[in-house]
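Working notes, structure below.
Throughout, read-outs are computed from the coordinates displayed, never taken from laboratory work. This structure is a prediction, so every number in the text was calculated from the model and none was measured. Positions of Cβ are generated from backbone atoms using ideal geometry, with glycine treated the same way; all protein chains shown enter the neighbour counts.
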Amino acid sequence: MSTDRASDRPKIPVDEKLACSISETAELSGVCRTLIYEEIKIGRLIARKVGDRTIILRTDREAWLAALPRGVAPQKEWLKRGKQSRQLSSQVTA
């Protein structure tokens, strides 16, 4: 009698899997699990259920990442505030 145990199956690298867990998706995407759950909740990231497990298809993860806004340069006000606070902190420590 043959058994199909997970330990007997060859290991597939996470980035080659067709579907990943929430933790694996977070790791591959470089974000925290909480953000993944939030993106699922608001509908920007599609998740699927297999029994009790929540999985995310590789194609859905890639589509979600591609749809994220591009990095935006900081606004000038933020730069000014940062510069002012650095000047104040250097005056305090001096």
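Below, the figures for the structure above:
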read-out	value
E27 of a type outside the set (A, V, I, L, M) and either in contact (Cβ under 8 Å) with a residue 60 or more places away in the chain or loosely packed, with under 15 Cβ neighbours inside 10 Å (or both)	no
Within the range 9-45, considering residues that are in contact with a strand residue (DSSP E or B) (Cβ under 9 Å, 6 or more places away or on another chain) and outside any helix (DSSP H, G or I), the one nearest to A63 (Cα to Cα)	L45
Flag for T54 being more than 12 Å from the chain's Cα centre (by Cα) and either part of a helix (DSSP H, G or I) or hydrophobic (A, V, I, L, M, F, W, C) (or both)	no
Pairs, first free of Cβ contacts under 8 Å to residues at least 60 places away in the same chain in the range 37-56, second among the hydrophobic types (A, V, I, L, M, F, W, C) and assigned to a loop (DSSP other than H, G, I, E, B), C-beta under 6 Å, six or more apart	E39/L45; I40/A47; T54/A47; I56/A47
